[in-house]
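S.K.: Have a look at the structure that comes next, please.
The values are calculated or read from the model by the stated rules, or taken from the named source; none is laboratory data. Since we're looking at a predicted model, the values are computed, not measured. Reconstructed Cβ throughout: ideal geometry from the backbone, glycine too, with neighbour counts over all protein chains shown. The accessibility values were calculated without ligands, DNA or RNA, using every heavy atom of the protein model including side chains. Shrake-Rupley method; radii C 1.70, N 1.55, O 1.52, S 1.80 Å.
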Amino acid sequence: MNIVNRIKPQFNKYVIDEYVKSKNMVVLRLSPYHCELNPIELAWSSVKRYIKMNNSTFKLPDVKKLVIEGVNECGPEKWKNFVNHVINEEKRFWDIDFVVEEVMENLGDCVMTITGDTSYSDSDY
């Protein structure tokens, strides 16, 4: 393990990262939990929908054929739609972010005064 730990860093690189670094650029990676900002997730969803709608035998060779057909269905026009959808979602996120920021700035300091009995029991709900 000592040898592996010593030489691992020299192989722990992505070719694309090294290429873009040589071009003075940076790769922007999407969060794995923001599928709405990743067009490949929309394409994969489209393929799965195609399989679901056309699978009548539930046999592996037939499903394999449907996967290939589903991928072929995701042509340039569909891909363009997926990318446009992602661009619109990103714009919507930015708009929401600015609205929230503006509301928070205009809200100022909030003070909540609690008076009276603040205890509760299960029967209150």
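S.K.: Would you pick out the residues in region 61-97 that are of a type in the set (Phe, Trp, Tyr) and under 15 Å from the mean Cα position of the chain (by Cα)?
M.R.: Step one: list which residues in region 61-97 are of a type in the set (Phe, Trp, Tyr), which gives 79, 82, 93-94.
Those that are of a type in the set (Phe, Trp, Tyr) and under 15 Å from the mean Cα position of the chain (by Cα): Phe82, Phe93.
S.K.: Return the residues of region 1-55 that are at pLDDT 90 or above, open to solvent by 100 Å² or more (accessible area, probe 1.4 Å) and either under 18 Å from Ile87 (Cα atoms) or of a type in the set (D, E, K, R) (or both); say none if nothing qualifies.
M.R.: Listed by number, the residues that qualify are Lys21, Lys23, Trp44, Lys48, Arg49, Lys52.
S.K.: Every residue in region 29-72 that is in a loop (DSSP other than H, G, I, E, B), free of Cβ contacts under 8 Å to residues at least 24 places away in the same chain and either in contact with a Pro (Cβ under 7 Å, 6 or more places away or on another chain) or not basic (Lys, Arg) (or both), please.
M.R.: Leu30, Ser31, Pro32, Tyr33, His34, Asn55, Ser56, Thr57, Phe58
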